[in-house]
Amino acid sequence: MVRSTQLRNRRLRRHAWCNTRRRAIAVVGTLAVLGASGATWLANSSSASAPRVDDAHVATPYVTPSVSDSDYSIPAGAIFVAPSSSAADGAASAQVAAAHANGSVSAPYPSLAQAVKHSRNGSTIVLRGGTYRGTLGTISHRVTIQAYPHQQVWVNGAAVLANLKHVGNAWVRTGWDPHVCHNCYPRNALDPQYPYAGLGDQVFIDGRPQAEVGSVGKVRAGTFYVDHRAGRLYVGSNPNGHHVEATMYEKALQFSGRAAGSVVRGIGFEHFAPHYNMDVPAMVVAAAPNVTFDHDTFALSAGRGLSVFRSGTAITNSAFLDNGLNGFHANTADGLEFTNNRVIGSNFSHWSIASTASASIAGAKITSTSNGIVRGNLFAANDSNGIWLDVSSSHFDVTDNNVIGSGGMGIAIELSGYVIVAGNVSSGNARIGIKVSGSNNVSVWDNTVANNGQSQIGVYQDPRSTSRPRDGATWNTTQVTIVNNVIIGRTGATKSVLDSFNGRRGARITTARMVSFDDRNVWGRPVPSSPRFMASWQNSASKSAFTSLAAIQQGTGRERHSVSADHDTLGSMFVSATNGDYRLTNRNAAMVQGTAVPQSIAAAMDVRAGVPPHLGALLVPAI
């Protein structure tokens, strides 16, 4: 098993404590990623709620997907592929082209599936720019799949529709029979306001998703309806002169155990329909160890973008955009590295994110995984939790991430242990900025947590328990430290700035027992009376509520060196909180030296150990 210290040492770049070295989110960067609608959303909303078209499901902001430019070297003996010309409904002239193809640069294979069939263990497959439609199935040997230098490559699960017949208020495709499951989900996972999230059908016009409705009578521009029994697809917008696609396949590809060490780089995946259930969990499934994904894009899946089930997987410099369920998902993926990625618009189909024992939706949901890293990522506008560690995940670094505008928690550490949560910005999330529940040995250091809809930090004893701890995760909340953070409440927030209670019956677990040390933090509310309490504190048989930092200090004996920022506005403390720029201004109460950062936490944050020049997040991931 790869240990977390080994992972850190392999990728670590030391930085000095210096403001000029910070990678800051700029206003223009936020606008570029989220678009004009996204900027308005950031300014006015604390969750990724969407406008409703009758009973349709569609989310904003919508991000037009692209694949990062890449320039990977091409080894001798590489196999080349170029997309064949396509007719209506995606039917390719592959058979004709295949008769003369040999995989050379001058006679490339016309399909990726054909290239995989002719590849050997260790082969490199190079894809020329264009769209490759269909599914690859399972790859059972080690292979590298990469884009040709500076070309956009898409693997697409939709068929191109042409010659739709105009009938009434819609355009109709008859004989429609996609390879999509329409009941592969539990009913209780649905949000009643979005009853068709689980159907898996998707229609795109000029690349833009259309909203599904429940009957022919509700079809109008921007929507579609599928009559599964009659095999009819109804499109509400006039397709003439436009590129119309509809999802045909559930999964792009899966790496089996014998494909260990495979690499996918510079490739985009879109328009597939995996399930909520785990039989087809994502567009791309890594069920082999030591798989690498670099500069890839996973966009507009009806379900999850990428699922990982084996150890040693690395995902870096990739984008997860507007996926119907999770952007990214991992289970039993020890040694996971998830770094420098963008995760935007997850839960695009608006599944329920109610707090239940089976809830699982997040920008990145990671379970039963040890010795992992989630570092330097941007999570924005996910209608779900942002980052969520759960079910005995342990020995994890969650550092230097920017988590903005989640519909649920910003960062949730649940039923896990030995986790470093440091250097993150968690802001504008609908629920709690950083939540620690049923988790032990969690270090919450040098974060900026502000303007979240409920609490900024929540520390709870989860009602669940385990008799079989995994890698030190006891499911008991103990040894939590909260140091060097900037913690600023939101006016009108529904809970205390720090909210803590024991949720387990019969157990007298106090906040003082859960939190072993807390100090040198900035505590503030722009309006000190809203929320009313700075902290809610669990005692042995009751709870205490403290109205100010001074009351916390007097009532608990904690936070002796912490600083009050009551009355300070977000505008005075941060460069541009409205646009997601949480760099500190010189007027910020946090511009004081903090407690010396231990080596283990400094290494996780990719900075040198010692006394930081200010409190709060020290490195901000670039967009």
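The values are calculated or read from the model by the stated rules, or taken from the named source; none is laboratory data. It should be emphasised that the depicted structure is a prediction, and the values quoted were computed from it without experimental measurement. So basically every Cβ, Gly included, is an ideal-geometry build from the backbone, and we count neighbours across all protein chains shown. Just the protein is used for accessible areas: all its heavy atoms, side chains included, with ligands, DNA and RNA removed. Shrake-Rupley method; radii C 1.70, N 1.55, O 1.52, S 1.80 Å.
General observations
- Inclusion of SER68 among residues that are at pLDDT 50 or above, of a type in the set (S, T, N, Q) and either open to solvent by 70 Å² or more (accessible area, probe 1.4 Å) or within 27 Å of the chain's Cα centre (by Cα) (or both) is warranted.
- Options SER406, SER443, SER416, SER426; residue that is at pLDDT 95 or above, among the polar types (S, T, N, Q) and surrounded by fewer than 24 Cβ atoms within 10 Å (Cβ to Cβ): SER443
- Qualifying residue in the stretch 464-472 (condition: buried (at least 17 other Cβ atoms within 10 Å of the Cβ) and of a type outside the set (D, E, K, R)): no
- Inside the stretch 478-536, residues that are closer than 14 Å to ALA450 by Cβ and either among the basic types (Lys, Arg) or at pLDDT below 95 (or both) make up a count of 2.
- Residues in the stretch 258-285 that are in contact (Cβ under 8 Å) with a residue 40 or more places away in the chain, assigned to a strand (DSSP E or B) and open to solvent by less than 10 Å² (accessible area, probe 1.4 Å): VAL264, GLY268, PHE269, ALA282, MET283.
- In the stretch 319-341, the residues that are surrounded by fewer than 24 Cβ atoms within 10 Å (Cβ to Cβ) and within 16 Å of PRO281 (Cβ to Cβ): ASN331, THR332
- TRP388 being aromatic (Phe, Trp, Tyr) and over 14 Å from the mean Cα position of the chain (by Cα): no
- Filtered residues of the stretch 151-179 (kept if assigned to a loop (DSSP other than H, G, I, E, B), at pLDDT 95 or above and aliphatic (A, V, I, L, M)): LEU164
Table: residues versus (1) in contact with an Asp or Glu (Cβ under 7 Å, 6 or more places away or on another chain); (2) closer than 17 Å to ASN521 by Cα; (3) surrounded by 15 or more Cβ atoms within 10 Å (Cβ to Cβ).
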site	(1), (2), (3)
ASP566	no, yes, yes
SER576	no, no, yes
ASP581	no, no, yes
ILE601	no, yes, yes
HIS614	no, yes, yes
LEU618	yes, yes, yes
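- Qualifying residue in the stretch 342-355 (condition: touching a Leu at 6+ places or on another chain (Cβ under 9 Å), modelled with pLDDT of 95 or more, crowded, with 24+ Cβ neighbours inside 10 Å and assigned to a strand (DSSP E or B)): yes
- Every condition in (1) touching a Gly at 6+ places or on another chain (Cβ under 6 Å); (2) open to solvent by 30 Å² or more (accessible area, probe 1.4 Å); (3) touching a residue at least 60 places away in the same chain (Cβ under 8 Å) holds for LYS218 except the one numbered (1).
- Hits in the stretch 113-150 (condition: in a loop (DSSP other than H, G, I, E, B), under 26 Å from the mean Cα position of the chain (by Cα) and polar (S, T, N, Q)): THR135
- Unmet criterion (only one of (1) open to solvent by 50 Å² or more (accessible area, probe 1.4 Å); (2) modelled with pLDDT of 95 or more; (3) polar (S, T, N, Q)) for GLN202: (1)
- Filter result (surrounded by fewer than 24 Cβ atoms within 10 Å (Cβ to Cβ) and closer than 23 Å to ILE404 by Cα) within the stretch 589-599: ALA589, MET591
- Remark: pairs (first residue in the stretch 378-399, in contact (Cβ under 8 Å) with a residue 60 or more places away in the chain and in a loop (DSSP other than H, G, I, E, B); second residue surrounded by fewer than 24 Cβ atoms within 10 Å (Cβ to Cβ) and aromatic (Phe, Trp, Tyr); Cβ separation under 9 Å; 6+ apart in sequence or on different chains) = ALA381/TRP41.
- Residue satisfying all of: in the stretch 446-456; more than 21 Å from ALA359 (Cβ to Cβ) and of a type outside the set (Ser, Thr, Tyr); most open to solvent (accessible area, probe 1.4 Å) among these: ASN451
- Which listed residue, of VAL459, VAL436, is touching a helix residue (DSSP H, G or I) at 6+ places or on another chain (Cβ under 6 Å), buried (at least 24 other Cβ atoms within 10 Å of the Cβ), β-branched (Val, Ile, Thr) and not in a loop (DSSP other than H, G, I, E, B): VAL459
- Residue match in the stretch 358-368 (condition: on the phi < 0 side of the Ramachandran plot, surrounded by 23 or more Cβ atoms within 10 Å (Cβ to Cβ), among the hydroxyl-bearing types (Ser, Thr, Tyr) and touching a residue at least 24 places away in the same chain (Cβ under 8 Å)): no
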